[in-house]
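A.B. asks: Got a structure here, written out as structure tokens. Questions coming.
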Amino acid sequence: QVQLVESGGGLVQAGGSLRLSCAASGSIFSIKAMGWYRQAPGKQRELVAIITSGGSITFLDSVKGRYTISRDNAKNTVYLQMNSLKPEDTAVYYCRADSPFAYWGQGTQVTVSS
């Protein structure tokens, strides 16, 4: 079992920045990748960014150049730095850990006002 606790969401004006954190605990040795997903009202959940245990990173096209994903292995934490935020980035952001199973965090709301 893996437990994920997210933090860092909030309300920000367009052009602003936020940093999300996702702290993992439990069977962290089994984690192969960690990522961030988001779901806006009326839309499907989509992958925003993912980082594998080997360090490979993938981004959603619409956030490339604005978001970065990083990890602190000592703290078992993954971060999503979001810059130049746009109103269309508004969504609930979820952390996910992939091991033999997928584990999800509780979600954190990000709201970008125009």
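A.B. asks: Basic (K, R) and open to solvent by less than 60 Å² (accessible area, probe 1.4 Å), is that true of R19?
C.D. replies: Values: basic (K, R): yes; open to solvent by less than 60 Å² (accessible area, probe 1.4 Å): no.
When the stated conditions are applied, R19 does not pass them.
A.B. asks: Exactly one condition in (1) open to solvent by 70 Å² or more (accessible area, probe 1.4 Å); (2) in contact with a strand residue (DSSP E or B) (Cβ under 7 Å, 6 or more places away or on another chain); (3) without any contact (Cβ under 8 Å) to a residue 60 or more places away in the chain is false for Q13; which is it?
C.D. replies: (3)
A.B. asks: Now for a different question. Filter the range 85-114 for residues that are closer than 21 Å to P41 by Cα and hydroxyl-bearing (S, T, Y); which is modelled with the lowest pLDDT? Show your work before the answer.
C.D. replies: The first filter runs over the range 85-114 and keeps only residues closer than 21 Å to P41 by Cα, leaving 85-96, 104-114.
Filter once more, so that each one left must be hydroxyl-bearing (S, T, Y): 90, 93-94, 108, 111, 113-114.
On the way: T90: 98, Y93: 98, Y94: 98, T108: 97, T111: 98, S113: 97, S114: 94.
Only one residue tops the list, namely S114.
A.B. asks: If you don't mind, there's one more thing I want to ask. Look at E6 and say whether it is of a type in the set (D, E), in contact with a Leu (Cβ under 7 Å, 6 or more places away or on another chain) and either open to solvent by 50 Å² or more (accessible area, probe 1.4 Å) or in a strand (DSSP E or B) (or both). Give the steps one after another, and end with the answer.
C.D. replies: On the way: of a type in the set (D, E): yes; in contact with a Leu (Cβ under 7 Å, 6 or more places away or on another chain): yes; either open to solvent by 50 Å² or more (accessible area, probe 1.4 Å) or in a strand (DSSP E or B) (or both): yes.
Judged against the criteria, E6 is a match.
A.B. asks: Quick one: S56 ticks every box in (1) more than 16 Å from V5 (Cα to Cα); (2) among the small types (G, A, S); (3) within 13 Å of the chain's Cα centre (by Cα) bar one, so which box is it?
C.D. replies: Checking S56 against (1) more than 16 Å from V5 (Cα to Cα); (2) among the small types (G, A, S); (3) within 13 Å of the chain's Cα centre (by Cα), the one that fails is (3).
A.B. asks: Related question: Mind checking which pairs have a first residue in the range 89-106 that is over 18 Å from I51 (Cβ atoms) and a second that is open to solvent by 30 Å² or more (accessible area, probe 1.4 Å) and in a strand (DSSP E or B), Cβ under 7 Å, 6 or more apart or different chains?
C.D. replies: Listed pairs, sorted by first residue: T90/T111; A91/Q39; V92/Q39; V92/Q109.
A.B. asks: Being modelled with pLDDT under 95 and not hydrophobic (A, V, I, L, M, F, W, C) narrows it down to one residue among S30, S62, S17; which is it? Before the answer, list the steps.
C.D. replies: Numbers: S62 fails: modelled with pLDDT under 95; S17 fails: modelled with pLDDT under 95.
Every option except S30 fails the conditions.
A.B. asks: What are the residues in the range 31-81 that are among the aliphatic types (A, V, I, L, M) and either in contact with a helix residue (DSSP H, G or I) (Cβ under 8 Å, 6 or more places away or on another chain) or closer than 25 Å to G15 by Cβ (or both), if any?
C.D. replies: Applying the first criterion (among the aliphatic types (A, V, I, L, M)) to the range 31-81 yields 31, 33-34, 40, 47-51, 57, 60, 63, 69, 74, 78, 80.
Of everything in the range 31-81, those that are among the aliphatic types (A, V, I, L, M) and either in contact with a helix residue (DSSP H, G or I) (Cβ under 8 Å, 6 or more places away or on another chain) or closer than 25 Å to G15 by Cβ (or both) turn out to be A40, L47, V48, A49, I57, L60, V63, I69, V78, L80.
A.B. asks: Determine which single condition E88 fails, assuming it passes every other condition in (1) buried (at least 18 other Cβ atoms within 10 Å of the Cβ); (2) over 10 Å from the mean Cα position of the chain (by Cα); (3) not hydrophobic (A, V, I, L, M, F, W, C).
C.D. replies: (1)
A.B. asks: List every residue pair whose Cβ atoms lie under 8 Å apart, where the two residues are 6 or more positions apart in sequence or sit on different chains, the first residue falls within the range 47-70 and is over 18 Å from P87 (Cα atoms) and open to solvent by less than 30 Å² (accessible area, probe 1.4 Å), and the second residue, located anywhere, is assigned to a helix (DSSP H, G or I) and not small (G, A, S).
C.D. replies: Final answer for the pair search is A49/V63.
The values are calculated or read from the model by the stated rules, or taken from the named source; none is laboratory data. Bear in mind the structure is a predicted one, so any value in this text is a computation, not a measurement. Because the Cβ atoms are built from the backbone with ideal geometry, glycine has one as well, and the counts that use them run over all protein chains shown. The protein model used for the area step is the full one, side chains on, heavy atoms only, and it has no ligands, DNA or RNA in it. Shrake-Rupley method; radii C 1.70, N 1.55, O 1.52, S 1.80 Å.
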